[in-house]
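A.B. asks: Got a structure for you, written out below as structure tokens; questions coming shortly.
Just so it is clear, none of the values below were taken in a lab; they were calculated from the coordinates. What you are looking at is a predicted structure, and each value in this text was computed from that prediction instead of being measured. Note: ideal-geometry Cβ built from the backbone for every residue, glycine included; neighbour counts use all protein chains shown.
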Amino acid sequence: MFKKILIANRGEIALRVMRTCREMGIEVVAVFSEADRTAPHVLFADEAYHIGPAPSTESYLNYAKILEVARESGAEAIHPGYGFLSENTDFASDVSKAGIVFIGPPASAIKIMGDKTMARQTMLKTQVPVVPGTEEPIADISKAQKVAEEIGFPVLIKAAGGGGGKGMRIVNSSDEFEDAVGKAERESQSAFGDGRVYVEKYLEEPHHIEFQILADTHGNTIHLNERECSIQRRYQKVIEESPSPFIDDSLRSKMGQAAVETAESCKYVGAGTVEFLVDKHRNFYFLEMNTRLQVEHPVTEMVTGIDLVAEQIRIAFGQPLSVKQSDINTTGHAIECRIYAEDASNDFAPSTGEIVMLQIPDGAGTRFDGAIRQGIEITPYYDPMLGKLICWAKDRDSALNRSERALREFYIGGIETTIQFCRSVVKHPIFREGTYDTHFYTNFRDELHADLADSTDEVLLVAGGSLFHHQNQIKHSSNSSDSTKKTRSNWVSAQLGRNA
């Protein structure tokens, strides 16, 4: 087994990967920007190397520097986490050329599945259904518009070289088509350095459902069932769960087989996720494949008992999968809430500043994957996700109740977060019924925000309890300064005054 692995990432995913490495007896190397000098992932690691200034383009995306650190530290492998360089074909290729193992798929698979139009073309050669649309990026507006008219409006204009809602436009009629394409191309170029876009049919009442796959170098490819990812805002996932309350065993089996065929079509190796759209009639279509570990992978871990990072590492070392398809059984239900440093009441505007109070929920079936602590500074340089709260229970109703309880206990003071927004979703009757689709936030926005406003008093009671506990700690600590007490006290007083 590897003796030392470099984690080319930061925050909660870096810490999460490091924990599994520790359990496997593997030393871990951290890299950090100037803004992350004392970050939790840095303090946890066996070794840590400074790689540049705060902006990610000068640090976490500087793969020449990361490769230099890997050689200097003697790391035998690099785990990219998610985001940053995790789906960068050149990085994966250069890591291998340097004689270091890339813990992920081969660069060829990343290239095929990272380009949305190339992925569509690959899927059209298989039996996996694909959403109707153009097979090539748009080169001729009139021809693309003709395709859109043939498949019927509304259609989506989507970025060929990226995702996450960037470069995406819904077009409801021919009159809007040319303008929407232009806007999508400009946004795609800005976000990904690639202005190519394509046309795809916009499905009614769709569900976003993805399947976790694992593939080794011994010819074994399996799926670990699905995650329901339809709670989104601005095409970004907010809450995920497994199993999906929407699909049945028959559809699960068909989609799982399609996910395996997708992975095999590009000779995939490692952990990956095949994403599908499922319409209201339960017809499913290939959407894309993410050639990395997903943010929401813990819900699969909770219901299967399989450590996906450990499997990634074993596969990269050349070992066969530790499980067969027949071994995969899900137990209970898991729900993940992504906690962002964002103000949900202000169109999810990013929030920065110091975390002055922190109360993380605990208890049976309650897991928090994060990398935050009291006193840490949340900067504007990186993704605003602070961590994920994952709750497991014997059935969906119990998991919902546990999630609501845990969110009620969760408190982060000093910045705005999406904790209460997640609680508003978990409490909502349509979510509890399991009858929601990807339009949930749009359809129930006003209700969710009204509930968010109503929860203010309860949040302040939690804040008051946390403050009382915190001040008692300060009172009995000889190391605390008067200025520290004043800062904490003034912050809560300001919140109480602002919301009075």
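A.B. asks: Report relative contact order for the chain in percent, whole number only (criteria: Cα-Cα under 8 Å, sequence separation at least 6).
C.D. replies: 12 percent
A.B. asks: Let me ask something else about it. So how do Ile313, Ile247 line up by other beta-carbon neighbours within 10 Å, fewest first?
C.D. replies: Ile247, Ile313
A.B. asks: Could you point to the residue in Gly162, Ala144, Pro132 farthest towards the positive end of the stretch 132-201's charge dipole, with +1 and -1 charges on the Cβ of Lys/Arg and Asp/Glu respectively?
C.D. replies: Result: Gly162.
A.B. asks: Hey, another quick one. What list of whole percents do you get for P(r) of the stretch 55-119, with Cα-Cα distances grouped in 10 Å bins up to the one holding the largest distance?
C.D. replies: 21, 54, 22, 3
A.B. asks: How many percent of Cα pairs in the stretch 212-278 exceed 21 Å?
C.D. replies: Cα-Cα pairs in the stretch 212-278 separated by more than 21 Å: 29 percent.
A.B. asks: Next up: Could you give P(r) for the stretch 132-201, binned at 10 Å from zero, as whole percent values over all Cα-Cα pairs?
C.D. replies: Binned Cα distances yield the sequence 25, 59, 16, 0.
A.B. asks: Let me ask something additional. How do Ile103, Ile26 line up, fewest other C-beta atoms within 10 Å first?
C.D. replies: The order, fewest Cβ neighbours first, is Ile26, Ile103.
A.B. asks: Taking the Cα centre of the stretch 207-454 as the origin, how large is its charge dipole in debye, to the nearest 20, when only Lys and Arg (+1) and Asp and Glu (-1) carry charge on their Cβ atoms?
C.D. replies: The calculation lands at about 320 debye.
A.B. asks: Further, regarding this structure: Do any cysteines in the chain lack another Cys Cβ under 4.7 Å, and if so which?
C.D. replies: Cysteines lacking a close Cβ partner in the chain: Cys21, Cys229, Cys266, Cys391.
A.B. asks: Are there trypsin sites (Lys or Arg not before Pro) in the stretch 75-139 that DSSP puts in a loop and that have at most 15 other Cβ atoms within 10 Å, and which ones?
C.D. replies: Passing both the DSSP loop test and the Cβ count: Lys125.
A.B. asks: What is the antiparallel percent of DSSP beta bridges lying wholly in the chain, to the nearest 5?
C.D. replies: Around 80 percent antiparallel, to the nearest 5.
A.B. asks: To continue, here is another question. Pairs of lysines 8 or more apart, or on different chains, with alpha carbons under 15 Å: count those in the stretch 132-201, would you?
C.D. replies: Here the count comes out as 5.
A.B. asks: Right, another one. If you take the alpha carbon radius of gyration of the stretch 84-218 and divide it by 2.2 N^0.38 Å, what ratio comes out, to two decimals?
C.D. replies: Expressed relative to 2.2 N^0.38 Å, the Cα Rg reads 1.18.
A.B. asks: Taking the Cα centre of the chain as origin, work out the dipole magnitude from +1 charges on Lys and Arg Cβ and -1 charges on Asp and Glu Cβ, in debye rounded to 20.
C.D. replies: Value, rounded to 20: 940 debye.
A.B. asks: While we're looking at this one, here's another question. What's the long-distance tail for the chain, i.e. % of Cα pairs beyond 38 Å?
C.D. replies: 27 percent
A.B. asks: Take the Cα atoms of the stretch 312-441, build their convex hull, and give its volume per residue in Å³.
C.D. replies: Given the Cα convex hull of the stretch 312-441, per-residue volume reads 162 Å³.
A.B. asks: Something else: In debye, nearest 20: dipole of the stretch 110-157 around its Cα centre with unit charges on the Cβ of K, R (+) and D, E (-)?
C.D. replies: With Lys and Arg at +1 and Asp and Glu at -1, about 180 debye.
A.B. asks: Follow-up. Take the chain, mark every one of the GluC sites (Glu not before Pro) that falls in a DSSP loop and has at most 14 other Cβ within 10 Å, then report the longest stretch left between them, sites excluded.
C.D. replies: 205-500
A.B. asks: So, one more: Please list the equivalent ellipsoid semi-axes of the stretch 1-46, computed as the square roots of five times the alpha-carbon gyration tensor eigenvalues, in descending order and whole angstrom.
C.D. replies: So the equivalent ellipsoid measures 18, 9, 8 Å along its semi-axes.
A.B. asks: By count of other Cβ within 10 Å, fewest leading, how are Phe421, Phe32, Phe348, Phe153 ordered?
C.D. replies: Starting with the residue having the fewest Cβ neighbours, the order is Phe153, Phe348, Phe32, Phe421.
A.B. asks: Once you have all Cα-Cα distances for the stretch 1-94, histogram them in 5 Å bins from zero and send the whole-percent values.
C.D. replies: 3, 15, 28, 29, 18, 6, 1
A.B. asks: Rg (Å, one decimal) plus Dmax (Å, integer) for the alpha carbons of the stretch 207-454?
C.D. replies: When restricted to Cα atoms, the stretch 207-454 yields Rg and Dmax of 18.2, 55 Å.
A.B. asks: Rounded to the nearest 500, what is the 222 nm mean residue ellipticity of the chain from helices alone, with -39500 (n - 2.57) per DSSP H run of 4+ residues and division by all residues?
C.D. replies: Value at 222 nm, helices only: -12500 deg cm²/dmol.
A.B. asks: Next question, about the same structure. From the C-alpha coordinates alone, can you work out the Kirkwood hydrodynamic radius of the stretch 255-337, in Å?
C.D. replies: When all Cα pairs of the stretch 255-337 are included, the Kirkwood radius is 14.2 Å.
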